[in-house]
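So the structure is just underneath, and the comments pick up after that.
Computed from the coordinates by the stated procedures, all read-outs in this text should not be read as laboratory data. Keep in mind the model is a prediction, meaning the values are calculated, not measured. For neighbour counting, all protein chains shown are included, and Cβ atoms are generated from backbone atoms with ideal geometry for every residue, glycine included.
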Amino acid sequence: MDNFKYINGSLYAEEVPVEQIVAAVGTPTYIYSRQTLQTHYRRIAESFSPLHPMICYSIKSCGNISILRELAGWGSGFDVVSGGELFRALQAGGRPAAVVFAGVGKSDAEINEALDAGILLFNIESEQEFQNINRLCGLRNITANAALRVNPDVASAGTHQKTLTGKKETKFGIDIDRAAAFYRHAAAASHLKLTGLHLHIGSPIKSAAPYVDAITKALALIDELARENIVVDTLDIGGGFAAFYEGNEAPSAADYAAAIVPLLAGRSLKIILEPGRSISCNAGILVSRVAYTKQGGSKRFVIADAAMNDLIRPTLYESYHFIWPVNPGAELMPPNRTAALRTPHDQCVDVVGPVCESGDYLAKDRFLPPLKRGDLLAIFSAGAYGFAMSSQYNARPRAAEVLVTGKTWSIIRRRETYHDLIAAEL
Ligand SMILES: Cc1ncc(COP(=O)(O)O)c(C=O)c1O
């Protein structure tokens, strides 16, 4: 699952004691394991290798350029959703010919940046967007490639409402019922070739079945179009593979591949995958120090120095992150990463941050060993949509980010300063 392990009662990131890193860098700090990133990337690449896919890592999940550089080095392309993410991809040495660009509101400036760079594919989300990119290509007298994001209207049980995207009633893409007409109409465009089909059905999708449903529908559409001599040669199946938050809830890359590869193996389609969370989630932890503990009525609070501005997932998606002290001691080793398992010493607490919102929490009603001021806490499975969704709310400088490789580690984003808070305002 990851390379964060307890040895003699203390947490290590690969071969480095977490305490050693925070002694130098302070808290809150995101710590990533290069080995974990690479393992998850490789498992996807290997499991899907019969399809020779292009893997376009989804930058939105964790976009630090040092991490993107590693991924580019392993052969990954990138899924971007803004000019800023395209900039990150290029700064990290990403190949433009391995960049796909999604998003419902691409501006003219962003489209032009992508055309300047020469990206592989625009993932189209609406008729107006298609016409606009066609127009902008026409002004340059060039032809670009596009895929249509199709909503296959599949059920994906277990995915939070806020991350469900494959249903008809969504701002993303085009209903599958309208897709064939879209392709017919697009065939007349002079500067944008609609030769791809893009799916992204939500995240996390905790079984392969919704992918099978979605891909089966997509293939039926591709076949229908082929009978009209409209050629779709690229299928982008999006992201959404699950990661491990509580235990072994995520299928392995091999499990997804076992269901998906046979559907596509006999086809001469170019396959694109856009995994984000399944690569970055378990590769990162957030480390925080206990500022205070207090009683509030019948509730016990642990007030950490990390807050919703550092990790918004618990309050935004009610998501579960396993939390355990960094130095629990050999006798208080962590149980499995579920809320249910506990040691006899545990206390039921809410772990909250210093932000002035009652929604500012990292965990609720959690059984943890007794904690005191100054103790360090590790918040696990925080690599995806952790730092990437962080903000400066309450004028809190963003956390530092550290990348560990074996026995060595480096700061890949320094902690922000108060001057960073106001730099763009001066
Ligand atoms: C179009 C698209 N592709 C890929 C992803 C990555 O999803 P995940 O991080 O769950 O793999 C997302 C996430 O929202 C997305 O919107």
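Some points to look at:
- Above-threshold pairs, the threshold being 24 Å between Cα atoms, out of 294/364; 60/193; 60/206; 171/364; 193/217; 60/106: 60/193; 171/364
- GNM result for the chain, Cα springs below 10 Å: residue of 317, 256, 12 fluctuating most strongly: 317
- Taking each residue as 0.36 nm, the span from residue 24 to residue 190 lengthens on full extension beyond its C-alpha to C-alpha distance by 54.0 nm.
- Taking amide H as placed 1.01 Å from N in the peptide plane, the amide H of residue 272 sits under 5 Å from that of 54, 235, 236, 237, each at least 5 places away or on another chain.
- Computed 3J(HN,Hα) for segment 220-230, one whole-Hz value per residue from the Karplus formula 6.51 cos²θ - 1.76 cosθ + 1.60 where θ = phi - 60°, is 4, 5, 4, 5, 4, 5, 4, 5, 9, 6, 9, glycine and proline marked x.
- Dipole magnitude of the chain about its Cα centre (Cβ charges: Lys, Arg +1; Asp, Glu -1), debye to nearest 20: 440 debye
- Rounded Å value of the spacing that divides the Cα centres of segment 241-283 and segment 15-45: 22 Å
- The antiparallel fraction among DSSP beta bridges confined to the chain stands at about 50%.
- Estimated FRET transfer efficiency (residue 265, residue 229; beta-carbon r; R0 22 Å; 0.05): 0.35
- Among 278, 76, 268, residue whose mean-square fluctuation peaks in a GNM of the chain (springs only between Cα atoms under 10 Å): 268
- Antiparallel DSSP beta bridges within segment 302-426, percent to nearest 5: 85 percent
- Between 269, 75, 172, the Cα set farthest toward the positive side of the dipole of segment 34-278 (charges on each charged residue's Cβ, about the Cα centre) is that of 75.
- Relative to its Kirkwood radius, the Cα radius of gyration of the chain gives an Rg/Rh of 1.00.
- Between residue 362 and 351, 352, 353, the built amide H atoms are under 5 Å apart, and every one of these is 5 or more places off in sequence or on another chain.
- Whole-Å distance, taken between Cα centres, linking segment 112-126 and segment 184-209: 14 Å
- Backbone geometry of segment 313-328 corresponds, through the Karplus equation with coefficients 6.51, -1.76 and 1.60 at θ = phi - 60°, to 3J(HN,Hα) couplings of 4, x, 7, 6, 10, 6, 8, 9, 10, 5, 10, 8, x, 6, 10, x Hz, x marking Gly and Pro.
- Segment 405-422 - phi-based ³J(HN,Hα) in whole Hz, Karplus 6.51/-1.76/1.60, Gly and Pro as x: 10, x, 8, 10, 8, 9, 7, 9, 7, 6, 4, 5, 10, 4, 5, 4, 4, 10
- Candidates 262, 275, 354: whichever shows maximal mean-square fluctuation once the chain is modelled as a Gaussian network with Cα springs under 10 Å: 262
- Restricting segment 172-279 to GluC sites (Glu not before Pro) that sit in a DSSP loop and have at most 12 other Cβ atoms within 10 Å of their own Cβ leaves 228.
- Tensor-based shape of segment 34-278 (alpha-carbon gyration tensor, a/c under 1.5 rounded, otherwise prolate or oblate): oblate
- Spin-label zone in segment 70-88 - amide nitrogen under 16 Å from a point set 7 Å from the Cα of residue 140 along the C-beta vector: 82-84, 86-87
- DSSP beta bridges fully contained in segment 34-278 are about 5 percent antiparallel.
- Amide H within-cut-off set for residue 307, under 5 Å, with H built and near neighbours excluded: none
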